[in-house]
Structures are given as structure tokens and as C-alpha cells.
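First comes the structure, then the notes that go with it.
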Amino acid sequence: MQIKNIILYKDAEHQRVLSFELGKVNIITGESKSGKTALINIVDYCLGSRECKIADGVIRDNVHWFAITIVFEDQEQYIVARLNPNVKSVSTISEIFLLKVNDDEIPDFASLHNNSNISALKLFLTRKLGIAENLQIPDNNTREPLEVNFGHSRLFCFQPQTLIAQQDYLFYKQTEPFVPQAIKDSLPYFLGAIREDCLKIEQEITQKKKELNRLVREKNEAEKIHAEGVSMAFSLIEEAKQIGILDKTFKQEQIKDAMKTLDSIKDWEYQENKISIEGENSTLKKLVNERSEYKIELGRLEDTISATKTFLKNNFQYSGEVEQQKVRLESIGLFSDSENNEYICPLCNSSLNVPIPSITAIQTSLSNLKKSLEETTREKPRLNKYLQELINKADVIKEKIQNIENAITALYTEQENARRLRDLNLRRGKVIGRISLFLESIDFTEDKSIDDKINTLKQDIARLSDMIDKETKEEKLFSIINKINLHMSNWVNDLDVEYENALIRFDLSKLTLIADTVNKSIPLSQLGSGANWVSYHLLIHFGLHEHFIQLNRPVPRFLMIDQPTQVYFPPEKDIQNNGQIQESSDEIAVKKMFDFIINKTDSFDSKFQVIITDHAYLNDEKFKNCVREIWRNGDKLIPQSWLEL
């Protein structure tokens with residue numbers, strides 16, 4: 001990508017077009033305050049910088065749109081325009097105008113409008129340059145991964161006045177936060193030390209690792225299932241032995257034999273016990289009813305026995321009392337029968353006020369008692385016999401009840417045994433079901449294909465990892481930088497530098513140049529004189545861009561340099577205001593510098609463009625052939641006529 005035009009739009013009737021030749025050195029020479037320094041900031045702003053660093057004043061007061069025409073390697077041309085922030089009284093504007101155009105087409109003012117933004121522009125330029133998808137992952141994940149894009153590539157394309165003669169910094173925006181690290185992370189990619197398809201390879205490695213992890217999990221699960229399956233097989237055999245499907249003395253030691261045994265019993269069927277539950281219940285009910293009837297009958301007998309025993313007991317007491325009365329009444333035989341006077345005491349012949357029973361009456365009572373006693377004595381054996389018969393009958397009924405209860409208990413026992421048998425058969429059925437399920441789900445055949453797949457994936461991952469191996473990358477980067485160092489060391493005599501015989505070395509980790517002399521190594525920051533600093537800036541940038549071009553790396557093919565002669569020819573020395581340097585060693589140094597720039601650019605065979613803005617004007621044909629505009633005597637970036645409107 002190179003710059004064909006810088007276009008400034010004031011309004012519909014006024015536009016300023018500054019044209020450059022592609023593949024060549026383009027010089028804009030002019031006096032101070034003519035707008036030279038603004039060109040880098042205008043191009044940077046149009047290429048999507050977040051800030052607008054175009055100095056406030058004449059330029060921003062008289063320009064409505066800033067625009068550039070960019071040309072890509074495939075010859076496609078695009079206009080990128082961006083509104084002046086002053087138009088909206090803001091510090092910057094994120095919207096842009098992007099349009100593909102023909103060779104010399106420049107859109108008019110009316111056609112300019114915001115149709116995109118800087119994020120989309122950056123993505124467009126990233127893809128257009130050919131920056132592949134990438135992700136630069138730092139060592140040990142010490143910071144966020146960096147995705148290289150167009151924004152990083154342009155850091156090698158600008159050398160403003162404040163940078164070209166700087167001893168501490170080499171690259172554009174290097175003083176801004178995070179930019180130094182971004183340069184360190186992105187430069188290996190731009191140099192080609194990292195494969196273009198690195199991200200694709202990393203993604204492929206990621207996918208293969210996922211597949212590998214999946215297969216390893218499957219293998220581990222299969223091995224776990226195999227181990228559990230062996231244990232389960234022998235466990236099922238033990239259960240089969242416990243519930244009578246297999247003999248308890250049965251033994252199996254090999255898993256293959258165990259599997260055969262399980263397969264042989266998986267179709268086992270039990271014969272359900274043919275006990276009629278309904279018949280059992282009917283018999284049990286009948287026995288319970290009989291027992292109830294016998295218990296009722298036994299109850300009646302026991303009541304009768306109890307009543308009989310009570311009667312006999314009472315009869316016995318009655319006989320005793322009658323016997324006592326008889327003895328007492330028989331005592332009357334002590335008296336004579338003639339003593340019948342009721343009012344005379346039979347013992348002492350005393351007169352009584354109350355008459356006593358007569359002897360006759362007592363004898364009558366005694367006679368009655370004797371008869372009653374005789375009757376009671378005669379009935380007692382019959383009552384005892386009757387009682388014994390009742391007791392015998394009760395014993396028979398008790399025996400029947402006991403037999404019935406024994407029968408009931410036997411039935412209950414039989415039912416419990418039947419239930420236990422059914423439970424056992426259910427257990428057997430469950431075990432058989434588990435055996436069948438186990439045999440269907442387990443596979444003890446060795447699957448070597450999964451091992452083959454795992455080994456293949458491991459080999460693929462190792463092969464791909466070698467392609468993006470960190471050591472390989474560092475070796476390649478070391479080789480590339482060494483080549484650039486060699487070129488810089490060969491070019492050093494073409495410029496005005498001290499230590500002409502020193503080897504020039506680029507230190508990527510510190511983003512500086514080092515001159516290795518015979519006695520010591522001297523970093524750029526310790527090399528004196530601005531001439532050295534400018535020369536070393538040119539050396540590293542031309543060294544990098546030569547490599548970018550040779551390897552067709554996705555970096556813009558232009559370099560903009562502002563005021564490279566400032567260390568030799570500050571504006572205050574231009575007494576005649578013509579930019580010419582008086583004949584001196586400085587003139588020789590400046591000529592060497594421009595010859596170096598022009599010769600190196602020409603050696604790139606139109607693949608590289610340099611745009612220089614400077615105060616100096618050399619009386620040299622090579623220099624003059626590169627001059628595109630001279631801004632003196634009122635000619636400036638902003639036409640004088642615009643200021644008069």
C-alpha cells in the first residue's frame with residue numbers, strides 16, 4: 001500500500017490535491033510554517049488513528065475534509081476521507097468515508113459522507129494488506145494475547161520531526177503506553193518469524209487436542225468399564241450362587257469363563273409355586289370359623305362346669321350345716337318325753353315367761369333334717385359324675401381347638417414359606433435381568449482402533465507444534481535480525497555516522513540499536529550527535545522494509561520522514577530562505593543521506609515509496625528529480641487564496 005494523493009477539501013469549490021509518485025522518493029521542500037509537518041499527521045488521521053494530531057490553526061481552520069488516495073499492490077485504489085473534528089467542535093471523529101475509485105478519480109465535496117468508521121477501516125486495511133488471522137500469545141501468559149492488525153504495521157511507516165533525530169526511541173508512537181510491547185509482539189510476525197498460518201495451525205492443534213482429550217476420556221472410561229465389568233461379572237456369579245441359580249461350590253477364575261457362565265444362565269426361568277392362595281384362604285377361614293364355634297361351645301361348657309362346681313360347693317356347705325343341726329337336735333333325747341310343758345325349762349324346771357319349742361317340735365325338725373341330709377348324700381355322686389362328664393367334654397373341645405390352631409399355624413407357615421419362595425424367585429428374576437443387561441452393555445473385546453487414533457493425534461499435534469515451536473520461532477527471528485544487522489552494517493558507510501567500522505545490531509527486547517565496536521558495545525542512547533541518531537533511524541527502517549519487501553510481508557510500502565536534515569540545517573541557518581546548504585561537511589553529509597534514501601528506494605524496484613518533508617533543497621539532480629512541490633514565496637499546503645475567502 002502506497003500514498004498517491006493527499007486531498008484537502010475546504011468546500012464544494014475549493015480542494016487541494018498533493019500528488020506523489022508511487023515506488024519513488026517524493027520530496028516536499030519548503031520554509032517553516034508551510035504545513036510540511038502536518039502531512040504525516042494528516043495521513044495518520046486518514047488511516048484511522050484514534051486522535052487527530054493535526055495541529056490546530058490555519059490548516060484545521062480552513063479544511064472541512066482530510067482525505068488520501070491509497071493504492072494497493074493489486075492496483076486497486078481507495079479514497080479514505082475523514083471529517084475535520086473542528087467542524088463538529090470535537091477532539092476527534094470516528095466516522096470515515098471509504099470509496100473505491102478509478103485511476104485519477106477524486107470525488108467531489110458533495111459526495112463525501114460518513115459511510116464507515118475507523119474500526120471497520122482498520123479491519124478492511126488489515127485484510128487488504130494480507131495480515132492473516134493471528135494471535136501472539138506472550139510467554140507464561142503475563143499479559144493479554146495480541147492480535148496483529150494494520151494499526152501495528154503503520155508503526156514502521158512514520159518518522160515525524162520529533163522522532164527522526166531521537167536517541168531513545170526508534171519507532172512511531174513508541175512513547176505511548178503499551179506501544180513498545182505491541183511493537184515487540186508484532187514485529188516477529190511482520191518479519192515472518194512466525195508462520196502466516198500460525199493461528200490456523202494453533203486452531204488445528206486446539207481441535208486435535210480436544211479430539212485427543214475426548215478419545216483419552218473414552219479410553220479411560222472403557223478401561224474403567226472393563227475393570228468394573230470384570231468385578232461385576234464375578235459379583236453376579238456370587239449372587240447367582242447365593243440365590244440358588246448356581247451351586248454354592250461353583251468357582252470361576254477367568255473372566256472369559258465367567259462370561260460364558262453368565263451367558264448360560266441368562267435365560268434361566270423359575271417355576272412359580274402352584275399353591276392356590278384362594279384355596280389357602282378358604283381353608284384358613286373354615287378353620288377359624290370352626291375354632292370360633294368350638295370356643296363358644298367350650299365357653300358354655302366351662303360356664304356349666306363352673307355352675308356345677310358352685311352347686312356342689314354349696315351343697316357340701318349345706319350338708320355340714322344340716323349335720324350340725326342334727327347333732328344339736330339329737331340332744332333332746334336327754335329329756336323325758338313327758339316333759340311337754342312349754343313354760344317349764346327342761347334343764348332346771350324353772351318357770352319361763354316365753355314358751356320354748358316343745359320336744360315334739362324339735363324332734364319333728366330333727367326328722368326333717370335327717371331326710372334332707374339323706375337326699376343330699378344320695379345326689380352328690382351323681383353330681384360329681386355329671387361334673388366329670390362336663391370336664392371330659394371340655395377337654396375334648398380344647399383338644400379340637402388346639403388341633404385347629406395347629407392347622408392354622410401350619411397354614412400360616414406354609415403361606416410364609418410360599419411368600420419367601422416368591423421373594424426368592426423375584427430376586428432370582430432380578431439377578432437374571434441384571435445379568436442380561438450386563439451382557440448386552442459390556443464388551444470385553446479389545447478396541448485397538450482407539451489407541452491407533454490416539455497415537456495418530458499425538459503425532460499430528462507434535463508435528464504441528466514443531467511448526468510453530470517457540471524455539472523454532474526464536475531461531476528464525478534471530479536469523480532474520482542477524483541478516484538485517486548485516487545489511488545495516490554494510491550500509492553504515494553510506495551515511496554520516498561515527499564508528500563506521502562498527503557492527504550495527506538491533507535489540508528487539510529494548511527496541512534500540514547498538515554499535516558493536518572493537519572495545520565495547522554502544523547503545524543508540526549513548527551515541528553522540530543528532531547526525532548519528534538520524535542515520536541509525538534510517539538504517540533500521542530501510543533494513544526492516546527491505547526485509548518486508550523481500551518476503552512480501554503485510555506492511556504498507558511507504559515511509560514518511562519529516563525534517564531529516566534538521567540536525568545539519570535548522571531553518572534559522574537558511575539566511576537566503578532558499579533551503580540551500582552552503583558547501584561544507586554538512587552538505588556532504590546531507591547529500592550522502594539523500595543519496596542513501598534514493599538509492600535504496602530505487603533498489604526496491606518501485607515496491608517502496610518514501611515521502612520526505614524538509615526545509616533543505618539540494619542543488620543535486622537526484623534530489624531535484626524527487627521534489628514534488630516547493631513551498632516557498634507564499635506557496636504552502638493551504639493555498640493563500642483560501643485564507644482570503
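The values are calculated or read from the model by the stated rules, or taken from the named source; none is laboratory data. These numbers come from a predicted model, not from an experiment. Note: ideal-geometry Cβ built from the backbone for every residue, glycine included; neighbour counts use all protein chains shown.
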Item to complete: Output the qualifying pairs, or none if there are none: Cβ atoms under 8 angstrom, residues six or more apart or on different chains, first residue in region 400-428 and surrounded by 13 or more Cβ atoms within 10 Å (Cβ to Cβ) and at pLDDT below 75, second residue small (Gly, Ala, Ser) and not in a helix (DSSP H, G or I).
Response: Leu424/Gly244; Arg428/Gly244
Fill in: Residues of region 55-69 satisfying the condition of being farther than 13 Å from Asp108 by Cα, part of a loop (DSSP other than H, G, I, E, B) and in contact with a strand residue (DSSP E or B) (Cβ under 7 Å, 6 or more places away or on another chain)
Val63
Worksheet entry | Scope region 92-112; condition of a type in the set (A, V, I, L, M) and in a loop (DSSP other than H, G, I, E, B); matching residues | Ile93, Ile106, Leu112
Worksheet entry | Residues located in region 430-471, provided they are surrounded by 14 or more Cβ atoms within 10 Å (Cβ to Cβ), within 30 Å of Glu239 (Cβ to Cβ) and at pLDDT 70 or above | Val431, Ile432, Arg434, Ile435, Ser436, Leu439
Fill in: Hits in region 32-49 (condition: assigned to a loop (DSSP other than H, G, I, E, B) and out of contact with any helix residue (DSSP H, G or I) (no Cβ under 7 Å at 6 or more places or on another chain))
Lys33, Ser34, Lys36, Ser49
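Answer yes or no: is there a residue in region 509-524 that is surrounded by fewer than 16 Cβ atoms within 10 Å (Cβ to Cβ), of a type outside the set (Ser, Thr, Tyr) and assigned to a helix (DSSP H, G or I). Reasoning before the result, please.
We begin by selecting, within region 509-524, every residue surrounded by fewer than 16 Cβ atoms within 10 Å (Cβ to Cβ); these are 509-510, 516-521, 523.
Filter again for of a type outside the set (Ser, Thr, Tyr), leaving 510, 516, 518-520, 523.
If we keep only those that are assigned to a helix (DSSP H, G or I) as well, we get none.
Checked against the condition, which is being surrounded by fewer than 16 Cβ atoms within 10 Å (Cβ to Cβ), of a type outside the set (Ser, Thr, Tyr) and assigned to a helix (DSSP H, G or I), region 509-524 yields no hits at all.
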Worksheet item: So, of the residues in region 462-511 that are under 24 Å from Asn134 (Cβ atoms) and aromatic (Phe, Trp, Tyr), which turns out to be nearest to the chain's Cα centre (by Cα)?
Response: Phe478
Practice prompt. Would you point out the residue of region 505-553, among those that are modelled with pLDDT of 95 or more and among the basic types (Lys, Arg), that is nearest to Asp595 (Cα to Cα)?
Written response: Arg505
Discussion item. Every residue in region 213-243 that is within 22 Å of Thr261 (Cα to Cα), acidic (Asp, Glu) and modelled with pLDDT of 70 or more, please.
Written reply: Glu238, Glu239
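Any residue at all in region 186-202 that is assigned to a helix (DSSP H, G or I) and surrounded by fewer than 18 Cβ atoms within 10 Å (Cβ to Cβ)?
Within region 186-202, the first condition is being assigned to a helix (DSSP H, G or I), and the residues that meet it are 186-191, 198-202.
If we keep only those that are surrounded by fewer than 18 Cβ atoms within 10 Å (Cβ to Cβ) too, we end up with 200-201.
Yes: one or more hits.
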Item to complete: Please name all residue pairs, on different chains or six or more residues apart, with Cβ atoms under 6 Å, provided the first residue is in region 206-218 and is more than 15 Å from Ala462 (Cβ to Cβ) and the second residue is surrounded by 12 or more Cβ atoms within 10 Å (Cβ to Cβ) and of a type outside the set (D, E, K, R).
Response: Leu215/Ile450; Leu215/Ile454
Discussion item. Name the single residue that is nearest to Pro564 (Cα to Cα) among those in region 614-627 being in contact with a Ser or Thr (Cβ under 7 Å, 6 or more places away or on another chain) and not in a loop (DSSP other than H, G, I, E, B).
Written reply: Asp614
Discussion item. Among the residues in region 113-130, are any in a loop (DSSP other than H, G, I, E, B) and buried (at least 18 other Cβ atoms within 10 Å of the Cβ)?
Written reply: no
Fill in: Subset of region 70-102 [among the small types (Gly, Ala, Ser) and out of contact with any strand residue (DSSP E or B) (no Cβ under 7 Å at 6 or more places or on another chain)]
Ser89, Ser91
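Among the residues of region 94-105, is there at least one that is touching a helix residue (DSSP H, G or I) at 6+ places or on another chain (Cβ under 6 Å) and among the small types (Gly, Ala, Ser)? Please lay out each step first, then the result.
So the first thing to find is which residues in region 94-105 are touching a helix residue (DSSP H, G or I) at 6+ places or on another chain (Cβ under 6 Å), and the list is 94, 96.
Adding the requirement that they be among the small types (Gly, Ala, Ser) leaves 94.
Yes, region 94-105 contains at least one residue that is touching a helix residue (DSSP H, G or I) at 6+ places or on another chain (Cβ under 6 Å) and among the small types (Gly, Ala, Ser).
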Practice prompt. State whether one or more residues within region 70-90 are farther than 30 Å from Ile131 by Cα, in contact (Cβ under 8 Å) with a residue 24 or more places away in the chain, assigned to a loop (DSSP other than H, G, I, E, B) and in the same structural domain as Asp562 (by TED's automatic domain parsing).
Written response: no
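Looking only at residues in region 257-310 that are outside any helix (DSSP H, G or I) and among the basic types (Lys, Arg), which one is modelled with the highest pLDDT?
Quick first cut of region 257-310, residues outside any helix (DSSP H, G or I) only: 266-276.
Next, from what is left, pick out any that are among the basic types (Lys, Arg): 266, 274.
Numbers: Lys266: 70, Lys274: 47.
Ranking the qualifying residues of region 257-310, first place goes to Lys266.
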Worksheet item: On the given criteria, is Lys10 outside any strand (DSSP E or B) and either in the same structural domain as Thr92 (by TED's automatic domain parsing) or touching a residue at least 60 places away in the same chain (Cβ under 8 Å) (or both)?
Response: no
